[in-house]
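A.B. asks: Following this message is one structure expressed as structure tokens.
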Amino acid sequence: MNLRATQLLIALAVAGGVSCIDMSAPSGAASISTLQSPAAFVVRGDSMRDSAGKAAPLSVTAFDQNGNPVSGVQFQFFITDTGKIATISPGNIVVANDTTGLVHVVGQTGGIQTPAVTIFVTDAPNQIVSAVLPTDTLQVTGAADTTAGRGTKAAPARVFAADGHTPIQGMVVHFSIMHTPDTTASTSKAPRAVYLLDDNQKLSSIDTTDASGQAARTVVVIASRLANPNQPDSVVVLATATYRGVPLANAPVPIKIPVKLVF
């Protein structure tokens, strides 16, 4: 999951983090951001595309010595691997050949270079399915304390190619809560009854698929906020992903997790 979190930062093109600094630079770029990629994957035989399905380039943001963005700085992008799985077009777009695998890409200007970013070359994403097991149950500790009285369970989904079994790595999956057990009235001081967390225990509704094609968020249920704690119920999370701007087959797929109060 930590690897997926790292890939997710790449796929979302998180800007602003300074990757390298050249304190001696009198003009132009004194520092640069991490490499920003429109996706963490590219389909074999195709160009890298953004979430809308448009072929999109790699980019890096340059900053001056005061930390202000600098325009007009020219960047070069390189694949550091010796294989021929993918190339960089003159427009700075990753173009994949007909072999799946992965490549490492860096960007640079002058004497400043970004850390390498991993780009996965995959088959075309086609479908998303629930990966929750029939035996999975979210057990909530029956304690009144808002910290102790809680339960957690992963809500997993998997993305596959058209054959239904080839996993797709690097896909961004969006999660949302569709149904929860009845809860007590919300107040400014009351904790949220049901919410989603990432691996670092931060509120999050997105994840990136790993080598098995799986992405997941952790469902948290607070016991003290359940209106009818002894009544059997479930949490239903929706998972969705798109390719070329079109939702995958089955999306949004419901992930149903029974909730059980335990003492």
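A.B. asks: Any chance region 208-216 includes a residue that's over 17 Å from residue 171 (Cα atoms) and surrounded by 15 or more Cβ atoms within 10 Å (Cβ to Cβ)?
C.D. replies: No: zero hits.
A.B. asks: Okay, next question. Looking at region 30-53, which of the residues that are in a loop (DSSP other than H, G, I, E, B) and hydrophobic (A, V, I, L, M, F, W, C) is surrounded by the fewest Cβ atoms within 10 Å (Cβ to Cβ)?
C.D. replies: Here the answer is 52.
A.B. asks: Which one of the conditions (1) under 17 Å from residue 110 (Cα atoms); (2) among the aliphatic types (A, V, I, L, M); (3) under 22 Å from the mean Cα position of the chain (by Cα) does residue 52 fail to meet, given that it meets all the rest?
C.D. replies: (1)
A.B. asks: Of all residues in region 187-225, count the ones that are touching a residue at least 24 places away in the same chain (Cβ under 8 Å) and either among the basic types (Lys, Arg) or in contact with a Cys (Cβ under 6 Å, 6 or more places away or on another chain) (or both).
C.D. replies: Looking only at that region, the number is 3.
A.B. asks: Name the pairs whose Cβ atoms lie under 6 Å apart, with the first residue in region 71-87 and in contact (Cβ under 8 Å) with a residue 24 or more places away in the chain, the second loosely packed, with under 14 Cβ neighbours inside 10 Å, and 6 or more positions between them or separate chains?
C.D. replies: Partner pairs satisfying both residue conditions: 80/104; 85/99.
A.B. asks: Determine whether residue 242 is crowded, with 20+ Cβ neighbours inside 10 Å and at pLDDT 95 or above.
C.D. replies: Against the criterion (crowded, with 20+ Cβ neighbours inside 10 Å and at pLDDT 95 or above), residue 242 does not qualify.
A.B. asks: Taking region 220-239, which residues are within 14 Å of residue 141 (Cα to Cα) and surrounded by 16 or more Cβ atoms within 10 Å (Cβ to Cβ)?
C.D. replies: Scanning region 220-239 gives 220, 221, 222, 223, 224, 225, 226, 229.
A.B. asks: Quick one: in region 90-137, which of the residues that are of a type outside the set (S, T, N, Q) and at pLDDT below 95 is nearest to residue 220 (Cα to Cα)?
C.D. replies: 136
A.B. asks: Here is a check on your reading of the model: is residue 153 at pLDDT 95 or above and surrounded by fewer than 20 Cβ atoms within 10 Å (Cβ to Cβ)?
C.D. replies: Answer is no for this residue.
A.B. asks: Exactly one of (1) among the β-branched types (Val, Ile, Thr); (2) closer than 12 Å to residue 78 by Cβ; (3) not assigned by TED's automatic domain parsing to the domain that holds residue 51 is unmet by residue 132. Its number?
C.D. replies: (2)
A.B. asks: Any residue that is in contact with a His (Cβ under 7 Å, 6 or more places away or on another chain) and free of Cβ contacts under 8 Å to residues at least 40 places away in the same chain - is there at least one of those in region 226-249?
C.D. replies: Checking region 226-249: not a single residue is in contact with a His (Cβ under 7 Å, 6 or more places away or on another chain) and free of Cβ contacts under 8 Å to residues at least 40 places away in the same chain.
The values are calculated or read from the model by the stated rules, or taken from the named source; none is laboratory data. Since the model is a prediction, treat every value here as computed from it, not as a measurement. Cβ coordinates were reconstructed from backbone atoms using ideal geometry, including for glycine residues, and neighbour counts include every protein chain displayed.
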